[in-house]
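Working notes, structure below.
The values are calculated or read from the model by the stated rules, or taken from the named source; none is laboratory data. Just so it is clear, the model here is predicted, and its values are computed rather than measured. Glycine also receives a Cβ, built like all others from the backbone with ideal geometry; neighbour counts cover every protein chain displayed. Protein only, heavy atoms only, side chains kept; ligands, DNA and RNA dropped before computing areas. Shrake-Rupley method; radii C 1.70, N 1.55, O 1.52, S 1.80 Å.
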Amino acid sequence: MLSKEDFLLDPSTIFLNHGSFGALPRALFEEQQRWLERMDRQPVLFFRDAPELLRQARIALGDYLGADADDLVYVVNSTFGVNVVAQATRGMLKEGDEILMTDHEYGACDRAWRYYHRDTGVNIVRASIPMPVPPYGDLADIIWAGVTERTKVLFISHITAPSAILLPVKELCRRARERGILTIVDGSHIPGHMPLDLEDIGADIYTANCHKWMCTPIGSAFLWIRRDVQDRIGPLVVSWGWQAERPGISRFIDEHEYLGTRDLTAFLTVPAAIRWMQSQQWPTVLAISRSLREEGMRLLCAIPGIRPMLTDADDDVLLMGAVILPDHVDPVAMQIHLYDHDRIEVVIHYWLGVPILRFSVHAHTSASDIEALAAAVRRYVA
Ligand SMILES: Cc1ncc(COP(=O)(O)O)c(C=O)c1O
């Protein structure tokens, strides 16, 4: 069974914030070092081989995600993936069109949409998700209520960052498809966290990080685009792949993958990460983590004044738990206090005026980490 010692994590920190940046296992750190050595030993050969090395890495990821390897490209993070799409929509949308998202989207991605449409006259509409969050079964209707005649794009997180809510993206993509609305799912928290079948979700575009729950090195994410949409999404960074002298597999792969000299080692570590997860009996790792999360929720919600973010039990697939803190708590001060006094790393912040604590569990989390969190929170809010 995996433990914190299998990760590079500082042993003196109670690390309950896997959700922000992930955590790297030693085995995958060593794999990335091997790629770095190979790259720097003979860089010319390495970059000559790069298209084939990347193709192999795409095949491994495609197999893992239920997708054709030629419909996805590696990107450094999902914010990059969202930027690719947001900039492409500048040319697709016209004044008065609407982009629908929720009011729980990740700040960097929300910014990307605002930036690329700051002068297009396109309106960004945010469907409001109340806190505590209504039952999962009600969420599709709540979000869909934001659709109008002018909605052309739906951008939605699969699991929200600030509040750890699982959203019904498959149902929303189905409804959007019927209306000809382009769908972009930000699945940053999904790969490695829960099974994902990209074709089955039915989105037009799906971007996600490997460097969160799959534990790959930072800088490994992907952008998947349905074949019939690929032509509409140009590259964010223009390099040799645009109007390529020696075209490769497709224009889509050339334009989005062939971006000049850059570090590919995080991408190339992904196949080893998938093998590593399989060798660790990933379903068991997830089951243990889920029960730790459940225990965390139970202990935290037993503290007077603390309420769960979600109001039903459909959250049993999640590895992140969010609770609403009492109103008198200053989230910034509490986060600093928990780290300085208890060496506990968690996310504590205001979201839409509500003070929230979000904790994450993963293969490096132990029952004592969860107990320490609950004890420290109880002391602080008392
Ligand atoms: C829902 C969501 N989207 C996007 C991101 C952005 O991730 P990155 O900084 O790796 O692009 C995050 C990161 O926490 C996230 O939670």
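With Cα atoms defining each centre, region 254-269 and region 209-232 are spaced 12 Å apart in the structure.
Averaging Cα coordinates gives a centre for region 330-382 and one for region 1-31; these two points are 18 Å apart. Among 39, 214, 309, the largest mean-square fluctuation in a Gaussian network model of the chain (Cα springs under 10 Å) belongs to 39. Considering only 244, 372, 88, the Gaussian network model of the chain with Cα springs below 10 Å gives its largest mean-square fluctuation to 244.
Only beta bridges with both residues in the chain are counted; by DSSP, about 55 percent of them are antiparallel. Specify the residue with the greatest mean-square fluctuation among 51, 304, 191, computed from a Gaussian network of the chain linking alpha-carbon atoms under 10 Å apart. Comparing 51, 304, 191 in a Gaussian network model of the chain, the most mobile one is 304. A 1.4 Å probe over all protein chains sorts 259, 54 by accessible area into 259, 54, starting with the largest.
In the context of the full set of protein chains, region 211-333 has a per residue accessible area of 47 Å² (1.4 Å probe).
Let me make sure I get this right: for the chain, a, b and c are the square roots of the gyration tensor eigenvalues over alpha carbons, sorted descending. Under 1.5 in a/c it's rounded, otherwise prolate if a/b > b/c, else oblate. Which is it? Oblate, because a/c is 1.5 or more while a/b does not exceed b/c.
Remark: accessible surface ordering of 94, 4 (largest first) is 94, 4, probe radius 1.4 Å. The slack in the chain from residue 244 to residue 118, taken as 0.36 nm per residue of separation less the alpha-carbon distance, amounts to 42.2 nm. By the rule of a C-alpha distance below 27 Å, with chain neighbours fewer than 8 residues away ignored, the lysines paired with residue 152 are 94, 170. Across the protein chains, with a 1.4 Å probe defining accessible surface, the residues 215, 301 rank 301, 215 from largest area downward. Heavy-atom accessible area for residue 286, with the other protein chains in place and a 1.4 Å probe, reaches approximately 20 Å². Accessible surface of the chain, 1.4 Å probe: 52 percent of it comes from carbon and sulfur atoms.
How high is the FRET efficiency between residue 279 and residue 150 when r is their beta carbon distance and R₀ equals 51 Å, given to the nearest 0.05?
0.55
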